[in-house]
Amino acid sequence: MNDKTSRIAIVTGAGSGIGRAAALALLADGWSVALAGRRLEPLEAVADESGAGARAFAVPTDVARQESVAALFAAVVERFGRVDLLFNNAGVGNPQGPFEDWTAEQWKGVVDINLNGMFYCIQQAFRVMRDQSPRGGRIINNGSISATTPRPNSIAYTATKHAVAGLTKTASLDGRKYDIAVGQVDVGNALTELAARFQKGVPQASGEIAVEPVMDVNIVGQSVLYMANLPLEANVLFHTVMATKMPFVGRG
């Protein structure tokens, strides 16, 4: 892979939460980063916060639209010449209420972003990384602990995150011939806007409501940075980073 001054990353969902933390970690390490998200203002705020100047490139993108994802990758290649890393992070949570009351549009809204959007980004990354010189690159998918273990009332989010694990495994296999390494980070209770509710109490499998421990989201940014900086001869296929005392291992 290129030296730090010329390594190019794309981070989706970069305007807040885990995406923001990962983008800032990469920029602080010398990477050039395309910050992708639906709203320009948060992306520009992250770019300004980083102090990285021209190495931070805000690109409004809707990952649920294939043509928007294609435009993102085209813009990055035009500006930087290549893509060495995709942190495939953009996602949304579960619709409110019991799933038996959802509309088809509520279900599809989660699938379009969490699953279809992940695929569109992987597809574009493969095309660019396959054809560039030097060939290859790395893709890190945000799977979440829900990629293996559900919470109550989380069927849309959990189903899509289980599917992301399938994308990761298959893309890792298919990427070998192009020198593309594909892995996944599964995050548990990082303190973001979406996870703030854990500090107020959330439903447990027993039916009880309980407060859950959280961890600093910047820890996840450092995990992504570690995976990103590996040489392409090595890959972390699955990496779980979680609040130590959260209910996940064993019976809680």
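The values are calculated or read from the model by the stated rules, or taken from the named source; none is laboratory data. Predicted model only: the values in this text are computed from it and were never measured. We place every Cβ from the backbone using ideal geometry, glycine too, and count neighbours over all the protein chains shown.
Looking only at the stretch 41-72, which residues are among the charged types (D, E, K, R), under 19 Å from Val110 (Cα atoms) and buried (at least 17 other Cβ atoms within 10 Å of the Cβ)? Break it down into steps so the answer makes sense when it comes.
Quick first cut of the stretch 41-72, residues among the charged types (D, E, K, R) only: 41, 44, 48-49, 55, 62, 65, 67.
Cutting the leftovers down to under 19 Å from Val110 (Cα atoms) gives us 62, 65, 67.
Of everything in the stretch 41-72, just one residue is among the charged types (D, E, K, R), under 19 Å from Val110 (Cα atoms) and buried (at least 17 other Cβ atoms within 10 Å of the Cβ), namely Asp62.
For the stretch 165-189, enumerate the residues that are touching a helix residue (DSSP H, G or I) at 6+ places or on another chain (Cβ under 6 Å), assigned to a helix (DSSP H, G or I) and crowded, with 23+ Cβ neighbours inside 10 Å.
If the condition is that a residue be touching a helix residue (DSSP H, G or I) at 6+ places or on another chain (Cβ under 6 Å), assigned to a helix (DSSP H, G or I) and crowded, with 23+ Cβ neighbours inside 10 Å, then Ala171 is the only one that fits.
Tell me which residues, restricted to the stretch 1-24, are part of a helix (DSSP H, G or I) and over 17 Å from Ala90 (Cα atoms). Let's see the steps before the verdict.
Narrowing the stretch 1-24 to residues part of a helix (DSSP H, G or I): 4-6, 17-24.
If the condition is that a residue be part of a helix (DSSP H, G or I) and over 17 Å from Ala90 (Cα atoms), then Lys4, Thr5, Ser6 are the ones that fit.
Tell me the residue from Phe57, Phe73, Phe87 that is more than 26 Å from Ala195 (Cα to Cα) and assigned to a strand (DSSP E or B), please. Let's see the steps before the verdict.
On the way: Phe73 fails: assigned to a strand (DSSP E or B); Phe87 fails: more than 26 Å from Ala195 (Cα to Cα).
Every option except Phe57 fails the conditions.
Six or more apart or on different chains, Cβ under 8 Å: which pairs go from a residue in the stretch 18-30 that's surrounded by 23 or more Cβ atoms within 10 Å (Cβ to Cβ) and acidic (Asp, Glu) to one that's in a helix (DSSP H, G or I) and at pLDDT 95 or above? Could you list them?
none
Go through the stretch 160-199 and give me each residue that's of a type in the set (Ser, Thr, Tyr) and either free of Cβ contacts under 8 Å to residues at least 24 places away in the same chain or more than 16 Å from Ile145 (Cβ to Cβ) (or both). If you could, list the steps in order and put the result at the bottom.
If we filter the stretch 160-199 for residues that are of a type in the set (Ser, Thr, Tyr), which is where we start, we get 160, 168, 170, 172, 178, 192.
Those that are of a type in the set (Ser, Thr, Tyr) and either free of Cβ contacts under 8 Å to residues at least 24 places away in the same chain or more than 16 Å from Ile145 (Cβ to Cβ) (or both): Thr170, Ser172, Tyr178.
Evaluate the stretch 226-236: report whether one residue or more is of a type in the set (A, V, I, L, M, F, W, C) and closer than 21 Å to Pro98 by Cα. Spell out how you get there, then give the answer.
To start, the set of residues in the stretch 226-236 that are of a type in the set (A, V, I, L, M, F, W, C) comprises 227-228, 230, 232, 234, 236.
Still in the list and also closer than 21 Å to Pro98 by Cα: none.
Within the stretch 226-236, none of the residues are of a type in the set (A, V, I, L, M, F, W, C) and closer than 21 Å to Pro98 by Cα.
Mind counting the residues in the stretch 128-157 that are without any contact (Cβ under 8 Å) to a residue 60 or more places away in the chain and assigned to a helix (DSSP H, G or I)?
Of the residues in the stretch 128-157, 6 are without any contact (Cβ under 8 Å) to a residue 60 or more places away in the chain and assigned to a helix (DSSP H, G or I).
What number of residues within the stretch 212-242 satisfy the criterion of being under 18 Å from the mean Cα position of the chain (by Cα), in a loop (DSSP other than H, G, I, E, B) and either of a type outside the set (A, V, I, L, M, F, W, C) or more than 13 Å from Gly183 (Cβ to Cβ) (or both)? Talk me through it step by step, then tell me what you get.
Of the stretch 212-242, the ones under 18 Å from the mean Cα position of the chain (by Cα) are 215-230, 235-242.
Then drop every residue that is not in a loop (DSSP other than H, G, I, E, B), which leaves 216, 229-230, 235-237.
Within this subset, residues satisfying the condition of being either of a type outside the set (A, V, I, L, M, F, W, C) or more than 13 Å from Gly183 (Cβ to Cβ) (or both) are 216, 229, 235.
Number of matching residues: 3.
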